[in-house]
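All remarks here apply to the structure that follows.
The values are calculated or read from the model by the stated rules, or taken from the named source; none is laboratory data. These figures come from a predicted structure and were not determined experimentally. Here the Cβ positions follow ideal geometry from the backbone for every residue, glycine too, while neighbour counts run over all protein chains shown.
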Amino acid sequence: MELEKLYENAGNLTSKGLDNIMYDEYCFIDEDTDEYTEEYLKNEYNFKSFSDGLTECINKYGFKGDINSVEEKTEYIISKCRENNVQLNLAIIKTWFKDKRPVSEKRSRENVYKLCFALKMDLKQASEFFNNTYFECPFNFRIHNEAIYFYCLNRGLNYSKAQELIKKADEIIKNNISENNESEYKFTYNIGNEILQINSEEKLFEYIKKHSNEFLISNKTAYNHAKRLIYECTELAVKLYNNDITYRDERKFTNKKKNIDLLLFVMFDTDMLIKNNKNNSFSKTSQFPELIKSNFPLKMQLSNICNNKKVSYDTMRKALIILNFFCFFASACIKDEEGDFLQFVAETDDLLESCGYPKLYVRNPYDWLIMHCANHYTPLVELANSIKRYYIYANE
């Protein structure tokens, strides 16, 4: 990846965030004093709140009122809902303008789709809103509702029409599910590419009928990549541990077998199994911003992935990013090489796209954290130091 590609289509604040990664020398731990440094993620880092992104969005679609008035902005969206026959709860819209980001689950995703239809977004605009404001995958093509929203936004059809098509698709899938699930597997992004070529309802329903079983497979590509990365990362963790590349003074793993506990120990330079107990859980006591610590991939989440148990979209995306980070830079460390930051970003973006997830986005705090560490002169140490700065030292 060329540096220009990294900045391509970036706005002023996104460019500033990339500049901070590329040219600032911030570290989580001061190596001279061995003390933690200023709280960059609270004091300087400018991530995009949902309220800011939504306000920016409605300004583009004709809002002329007071951008600081929750009431005026809410009424504008309600008026658009009335115009386009979309029902959105007024209280939910108000919470959006009070920095209540919609969570990563089915009902919240449906509300964001409703917003996109109410504002008459096209496919590109809706995708950008999901990626850069909601911080969610725009379309999971394994869920036929979302595949139909994709089709409708691409064809300029309204929300009512989408609901009509979804009802018909429900019946088609129900009546055409095959007991034989050995049909040729399609990568999720291929489904999207094929739907882009469909130009009539008749052809859409033919496609849904032919591929009914495909809509029963959820996140198979992501699970396959994540399990592969866990396997590779646990092998690399054993090598790093045995080579004693970094100094460790906590509980020793005498069997030195590859497992998730050892991986987390090597990755974060601390025994997360002991630290992350019910009285000191990472999600409750770490001082990372909520968008980082929520669904942070630790032992339970990684074990669930290995065992094909359902994890949230947010958990899976975070797992893919941090596992790819560790795999990339641990491999370089073992070879006594420097990992190239731009190559890491390019490979991670390719991985995320292949699973139908948004690329790295510097105004997403979790993405910023990994990108910052990746551009540090000691990426693995800086990631471990981030845990010390916002979790270990924060609770001492």
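Could you tell me which of the residues Asn131, Asn89 is loosely packed, with under 15 Cβ neighbours inside 10 Å and at pLDDT below 95?
From the options Asn131, Asn89, the qualifying one is Asn89.
Listed conditions (1) touching a Phe, Trp or Tyr at 6+ places or on another chain (Cβ under 9 Å); (2) at pLDDT 90 or above; (3) farther than 30 Å from Ile143 by Cβ are all met by Ser15, apart from (2). Residues in segment 321-359 that are surrounded by 21 or more Cβ atoms within 10 Å (Cβ to Cβ) and part of a loop (DSSP other than H, G, I, E, B): Cys355, Gly356, Tyr357, Pro358. Looking across Asn85, Asn46, one residue alone is of a type in the set (S, T, N, Q) and under 26 Å from Trp368 (Cβ atoms). It is Asn46.
Within segment 276-321, work out how many residues are among the β-branched types (Val, Ile, Thr), within 17 Å of Cys355 (Cα to Cα) and in contact (Cβ under 8 Å) with a residue 60 or more places away in the chain. Don't jump to the end; show me each part of the working.
Our first condition is that a residue be among the β-branched types (Val, Ile, Thr); within segment 276-321, this holds for 285, 292, 305, 311, 315, 321.
Applying the additional criterion that residues be within 17 Å of Cys355 (Cα to Cα) yields 305, 311, 315, 321.
From what's left, in contact (Cβ under 8 Å) with a residue 60 or more places away in the chain: 305.
The number of residues fulfilling the criteria is 1.
Scanning segment 197-245 for residues that are modelled with pLDDT under 90, exposed (fewer than 15 other Cβ atoms within 10 Å of the Cβ) and closer than 24 Å to Val266 by Cβ returns Asn242, Asn243, Asp244. Thr74 meets each of the listed conditions (1) free of Cβ contacts under 8 Å to residues at least 40 places away in the same chain; (2) closer than 28 Å to Pro365 by Cβ; (3) not charged (D, E, K, R); (4) not in a helix (DSSP H, G or I) apart from (4).
Within segment 77-89, the residues that satisfy the criterion of being within 29 Å of the chain's Cα centre (by Cα) and assigned to a loop (DSSP other than H, G, I, E, B) are Val86, Gln87, Leu88, Asn89. Scanning segment 198-230 for residues that are part of a helix (DSSP H, G or I) and free of Cβ contacts under 8 Å to residues at least 24 places away in the same chain yields Glu202, Lys203, Glu206, Tyr207, Lys210, Asn224, Arg228.
Just a yes or no: is a residue in segment 375-395 among the aliphatic types (A, V, I, L, M) and closer than 18 Å to Glu136 by Cβ? No: zero hits.
Tell me whether segment 368-386 contains one or more residues that are part of a loop (DSSP other than H, G, I, E, B) and either in contact with a Ser or Thr (Cβ under 6 Å, 6 or more places away or on another chain) or farther than 18 Å from Tyr26 by Cβ (or both). No, there is no match, as no residue in segment 368-386 is part of a loop (DSSP other than H, G, I, E, B) and either in contact with a Ser or Thr (Cβ under 6 Å, 6 or more places away or on another chain) or farther than 18 Å from Tyr26 by Cβ (or both). Looking across Glu38, Glu4, one residue alone is of a type outside the set (Lys, Arg), closer than 25 Å to Cys373 by Cβ and part of a helix (DSSP H, G or I). It is Glu4. Looking across segment 41-52, the residues that are surrounded by 18 or more Cβ atoms within 10 Å (Cβ to Cβ) and outside any loop (DSSP other than H, G, I, E, B) come down to Leu41, Phe50, Ser51.
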